[in-house]
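See below for the structure under consideration.
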Amino acid sequence: MKKFVFILVLFSSIGLCYAQTKYDKIEMFDVYRTDWAMVKVGNKLGFIDNEGREVVKPIYDKIDMFDVYRNDWAMVRVGNKLGFIDNKGREVVKPIYDKIDMFDVYRNDWAMVKVGNKLGFIDNKGREVVKPIYDKIDMFDVQKNDWAMVEIDGRVGFIDKEGKFIQE
């Protein structure tokens, strides 16, 4: 019995040592989000909470501060692609975009996105409301209320406030 307890304690200690060295670096808590600390494994970043639970797996090359683009969201980068995580650690916008502009510039609750040379929009829930297929998108309400002029392959048209192409 003593041998069994000794072996159990030994394996538990080895497990604790491994758990304590899981990350290459742990940043200060409360810098990016209250009760979270950024962790680093190799060159990848993620977060743990104040109880040591991994809330964001270290899979990102870069994580920006929360609340810059949208409340409770932080921009993340994998390679050269951008997306967002929320304050619960969920990936709300997959990192598939080459560029993401600030929200509310072209239309309330929307942010322009770019893939290659094509433009579109995501909304503040993370949904792609206008697929990035346009070469150019003007501001809304310039030509007509709730419409934005778009250009694709040298031809122009409009999208409405729901992101639908207007056929006239």
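The numbers here are math on the coordinates, done by the rules we state, and not lab data. Just so you know, these numbers come straight off a predicted model, no measurement behind them. Cβ placement follows ideal geometry from the backbone for every residue including glycine, while neighbour counts extend to all protein chains displayed.
Shape analysis of segment 128-168 yields a ratio of the Cα radius of gyration to the Kirkwood radius, Rg/Rh, of 0.92. For residue 129, the residues whose amide H sits under 5 Å from its own are 121, 122, 123, ignoring neighbours fewer than 5 places away on the same chain, with H placed 1.01 Å from N.
Between residue 22 and residue 67, what is the FRET efficiency for a Förster distance of 22 Å, r being their Cβ-Cβ separation, to the nearest 0.05? Step by step, r from the Cβ atoms, then E = 0.20. From the coordinates of this entry, Cα extents along the principal axes in Å is computed, and it appears in (1) 78, 43, 35; (2) 102, 61, 30; (3) 85, 28, 25 under the label (3). Please check: in the Gaussian network model of the chain (C-alpha springs, under 10 Å), which one of 42, 52, 154 has the largest mean-square fluctuation. Fluctuation is largest for 154. Between 62, 88, 40, the GNM of the chain built on Cα springs shorter than 10 angstrom shows 88 fluctuating the most. Pull out a ≥ b ≥ c, the square roots of the eigenvalues of the alpha-carbon gyration tensor of segment 98-161, then state rounded if a/c is under 1.5, prolate if not and a/b is larger than b/c, and oblate in the remaining case. It is oblate, given that a/c is not under 1.5 and a/b is not larger than b/c. Local charge sum around residue 24 (other residues, Cβ-Cβ under 12 Å, Lys/Arg +1, Asp/Glu -1)? Charge balance near residue 24 sits at +3. For segment 135-168, the residues whose backbone nitrogen is under 19 Å from a point 7 Å from the Cα of residue 99, taken along Cα to Cβ, are 135-140, 149-154. The angle separating the long axis of helix 2-20 from the principal Cα axis of greatest extent in the chain is about 30 degrees.
Could you calculate the FRET efficiency of residue 80 with residue 34 from 1/(1 + (r/R0)^6), where r is the beta carbon distance between them and R0 is 45 Å, rounded to 0.05? The formula returns an efficiency of 0.90 here. Of all the options 91, 51, 27, the one that moves most in a Gaussian network model of the chain with Cα springs shorter than 10 angstrom is 51.
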